[in-house]
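**Q** Pasting a structure here, questions to come.
The values are calculated or read from the model by the stated rules, or taken from the named source; none is laboratory data. Just so it is clear, the structure is predicted and the values come from calculations on it, not from any experiment. Cβ atoms come from the backbone with ideal geometry, glycine included; neighbour counts cover every protein chain shown. SASA here: full protein model, heavy atoms, side chains in, ligands and nucleic acids out. Shrake-Rupley method; radii C 1.70, N 1.55, O 1.52, S 1.80 Å.
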Amino acid sequence: RPIRITKNEDNEYFAENQLDFTNANEITDVMYELTENGEIISFGRVELPLLPPHTKIKLDFNIDIPSGHSYIRFIEKSRIDTPFYKKGFELAYDYIELNGYKNNNSFEKIGYKFCFLCSIRPEHNTLT
């Protein structure tokens, strides 16, 4: 993994070079996919500034956060051919949740709770 991308609570994005001897921007392209409720609504390329070994920098990257359940995925791809993979090969990705799931489940409104294996009916204190 050449780069780790993170987001802070102020919605600022940071890229950290994980490599020991190489500027990550010279060998890595970063793309992004923005999804809302499971659908890709936006994608593009992230411009990386000079990113020397083991440094962390703030990215000049702003995006409008959708109102639904949304994630952004940063995809790191090779800019060069190597003996192990070709240019464009996906090296790694970072997946960041932007807006959490909002439970609008009508079953909860009428007193039912669900787990993975069973449903709980609170009015009877039984598992079904």
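**Q** Scanning segment 68-98 for residues that are within 17 Å of F14 (Cβ to Cβ) and hydroxyl-bearing (S, T, Y), which turns out surrounded by the fewest Cβ atoms within 10 Å (Cβ to Cβ)? Spell out the reasoning first.
**A** Quick first cut of segment 68-98, residues within 17 Å of F14 (Cβ to Cβ) only: 72-76, 92-98.
Narrowing the set further to residues that are hydroxyl-bearing (S, T, Y) leaves 93, 95.
Values: Y93: 16, Y95: 12.
Here the answer is Y95.
**Q** To continue, here is another question. Step by step: first the residues of segment 73-111, then only those that are at pLDDT 60 or above and among the aromatic types (F, W, Y), then the one that is nearest to G44 (Cα to Cα). Which residue is that?
**A** Within segment 73-111, the match that is nearest to G44 (Cα to Cα) is F74.
**Q** How many residues are surrounded by 12 or more Cβ atoms within 10 Å (Cβ to Cβ) and at negative phi if we restrict to segment 31-43?
**A** Let us first name the residues in segment 31-43 that are surrounded by 12 or more Cβ atoms within 10 Å (Cβ to Cβ), namely 31-37, 41-43.
Then keep just the ones that are at negative phi; that gives 31-36, 41-43.
Residues that pass the stated criteria total 9.
**Q** Residue by residue through segment 1-30, note down the ones that are open to solvent by 60 Å² or more (accessible area, probe 1.4 Å) and in contact with a Lys or Arg (Cβ under 9 Å, 6 or more places away or on another chain).
**A** Result: R4, E16, Q18, E26.
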